[in-house]
1. About the Cα centre, and with charges only on the beta carbon of Lys, Arg (+1) and Asp, Glu (-1), how big is the dipole of the stretch 70-203? Nearest 20 debye, please.
2. For the charge dipole of the stretch 70-203, defined by +1 on Lys and Arg C-beta atoms and -1 on Asp and Glu C-beta atoms about the Cα centroid, which residue among I132, I95, L200 has the Cα displaced farthest towards the positive pole?
3. Project the alpha carbons of the stretch 70-203 onto their principal axes and report the range along each, largest first, in whole Å.
4. How many nm separate the modelled label positions at Y362 and S331, each set 7 Å beyond the Cα in the direction of the Cβ?
5. Using modelled backbone amide H atoms (1.01 Å from N, in-plane), which distant-in-sequence or interchain residues come within less than 5 Å of D84's amide H?
6. Rounded to whole Hz and in sequence order, give me ³J(HN,Hα) for the stretch 271-288 from the Karplus expression 6.51 cos²θ - 1.76 cosθ + 1.60, θ = phi - 60°, writing x for Gly and Pro.
7. Would you order Y343, Y100, Y323, Y362 from fewest to most other beta-carbon atoms within 10 Å of each residue's own beta-carbon?
8. So how much slack lies between A113 and V44, counting 0.36 nm per residue of separation and subtracting their Cα-Cα distance, in nm?
Amino acid sequence: MSCPRQFLFFLVVSFVFSVIPACKKEQMGQKQRELPEVTVSYPVVKPVIDYRDYTVRRIDPLASVEIRARVSGYLDSIHFKPGDEVKKGDLLFIIDPRPYQAAFDEAKSSVAALDARLKRTTNDMNRADQLIGSKAISQEDYDRTVAAKLEAAAGLQGAQATLEKADLDLKWTKIEAPLDGRISRNLIDAGNLVAADTTLLTDIVDSSAVFAYFDMDEQTLLELIKIRIADANQGKVDAKFVERQDVSKLSSNLSDVIVKMRVGNESDFSYSGKLDFVDNQINPSTGTLTIRAKFPNPKKAGNMRSLVAGGHGDIRVPLSDEYQALLVPDSAIQFDQSREVLYIVNDKDVVVSKPVKKGELYEGMRIIREEKEMDPTERINPTDRIIVEGAIRVRPGAKVKPVDAAPPAAKKEAAKSEEAKPKTGDSPKAAEAGK
């Protein structure tokens with residue numbers, strides 16, 4: 001009986017020692033599977049420029065002229081096609097010149113008649129000068145001769161003025177382009193009566209360059225002025241001094257600041273220009289100052305210009321030189337009580353939080369600012385694995401299962417054709433992952 005009991009005891013002990021480790025192993029695997037999964041990514045290191053964007057109130061051409069007739073009459077002919085590019089001095093319209101030609105001829109003949117009369121009275125006065133000395137004529141006759149000569153001279157002067165006016169009226173029957181530019185359509189057809197200085201015939205716009213008007217807030221204006229003064233003084237500027245001054249007087253330092261613009265539904269700020277006008281006072285009701293930027297607008301394919309007068313867009317004003325910055329997805333920034341933080345996964349896959357100071361959005365990502373008084377251990381580094389998805393499910397101190405963010409499609413395609421290589425600014429872990 002002892003042998004069966006010993007055998008049974010042996011079976012029980014073997015079962016216990018085989019089942020318990022398996023249970024423990026299963027429990028450990030279950031715990032491993034229960035770790036929250038988060039998506040991590042490294043910060044992007046790239047050169048950036050601080051800027052402010054403003055809405056363009058309007059885009060004006062370099063010059064715009066309304067074409068009106070200087071004389072009245074019936075429109076005789078039109079010498080352009082709507083939308084043509086015209087040059088200064090090109091013939092645009094002709095008003096029936098016949099009435100003005102007749103007036104010119106009449107004035108010309110009057111000048112000739114009065115000129116002959118002046119010559120005759122001048123001769124009469126010369127003779128009278130000789131006769132009066134010998135008292136061959138009376139003083140009355142002499143005075144009458146002198147008056148006749150003066151009257152003829154005055155009449156000739158008036159006739160010459162009439163001739164000059166008639167000549168101008170005749171010339172003004174030919175209406176020419178006062179500047180280079182693109183002409184609109186004719187608003188009056190040939191045969192219609194045109195009233196001097198009243199009837200609008202067409203207009204010409206010079207869009208070889210355009211002006212973009214926008215309103216800048218006072219705070220940004222002061223920042224921009226400080227930067228310009230610092231550049232002029234080799235980096236030295238008294239900020240308090242600037243703030244105490246009249247901003248409208250200091251704003252003259254903004255000339256030639258290079259700005260960018262986009263128009264319509266464009267996504268890129270592809271047009272470069274310069275500030276060329278700053279208004280002389282801040283609007284007290286809005287706290288803004290009217291600024292104007294000038295953009296060149298050369299002709300492109302099809303003899304057309306990209307920027308059109310009357311359009312709208314956005315202006316980008318730079319507030320710094322180019323510098324290297326860390327950028328993270330804006331959604332990765334979390335709130336921990338009253339401060340903003342980023343959740344980082346350390347080398348032990350444990351979540352730690354680091355406080356951050358947000359900068360501006362740049363190309364869809366958020367710039368991370370650094371403060372001088374910040375503890376070096378709390379700074380965001382290019383090697384930090386930042387939680388970009390799933391941060392809401394974890395807390396600092398929790399162990400997580402990190403998963404690398406999926407690379408962009410373009411990077412996937414490039415990886416197929418060549419071996420991934422470490423890039424400048426990549427973290428050691430990123431370089432290792434690319435091998």
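1. Working: 18 positive and 22 negative charges, 56 e Å.
In debye, rounded to 20, the stretch 70-203 gives about 260.
2. The Cα lying farthest towards the positive end belongs to I132.
3. For the stretch 70-203, the Cα spread along each principal axis is 78, 26, 19 Å.
4. Once both label points are built, they end up 2.2 nm from each other.
5. Close amide H contacts, sequence-distant or interchain: I183.
6. These are the phi-based 3J(HN,Hα) values: 9, 10, x, 10, 5, 10, 8, 10, 4, 8, 7, 7, 6, x, 7, 10, x, 10 Hz.
7. Values: Y343 26, Y100 20, Y323 10, Y362 16.
Fewest-to-most ranking of Y343, Y100, Y323, Y362: Y323, Y362, Y100, Y343.
8. Gain in length upon complete extension: 15.7 nm.
Values quoted throughout were computed directly from the atomic coordinates according to the rules given, and no laboratory measurement underlies them. Values in this document were obtained by computation on a predicted structure and should not be read as measured data. Note that each Cβ is placed from the backbone with ideal geometry, even for glycine, and that neighbours are counted across all protein chains shown.
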